[in-house]
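The values are calculated or read from the model by the stated rules, or taken from the named source; none is laboratory data. Being a predicted model, the structure only gives us computed values, none of them experimental. Methodologically, a virtual Cβ is constructed for each residue, glycine included, from the backbone with ideal geometry; neighbour enumeration extends over all protein chains shown.
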Amino acid sequence: MDNIIGKTISGFIMLIVIMGIMIFLPAWTPVYFQAWVYLLTFAVSTILITVYLFKNLLGYDEFCEKVRYHLIPFIW
């Protein structure tokens, strides 16, 4: 479970950084109030959804691993 949390945190940080670059680079200024509000709203909502899913889907990753290995012959 620790590996999933680490991947989630690093992926979230990369997502916010890339979104910030894509929003602020065309504006050529970090003084863009609407972009900061958008970025903050997106980050907070993503964090809340992720925390909710981690709390309510404990053991789901093990289930997915079992199902994935049973479905591989049907995919190929």
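Per the listing ILE49, ILE21, the residue uniquely surrounded by 10 or more Cβ atoms within 10 Å (Cβ to Cβ), over 16 Å from the mean Cα position of the chain (by Cα) and either modelled with pLDDT of 85 or more or not in a helix (DSSP H, G or I) (or both) is ILE21. Selection of the range 24-46 for residues being of a type in the set (Ser, Thr, Tyr) and either loosely packed, with under 10 Cβ neighbours inside 10 Å or touching a Phe, Trp or Tyr at 6+ places or on another chain (Cβ under 9 Å) (or both) yields THR29, TYR32, THR46.
Of everything in the range 1-17, what is in a helix (DSSP H, G or I) and either more than 16 Å from VAL44 (Cα to Cα) or among the acidic types (Asp, Glu) (or both)? Give them in sequence order. Break it down stepwise before answering.
Here is the first cut: in the range 1-17, the ones in a helix (DSSP H, G or I) are 2-17.
ASP2, ASN3, ILE4, ILE5, GLY6, LYS7, listed by residue number.
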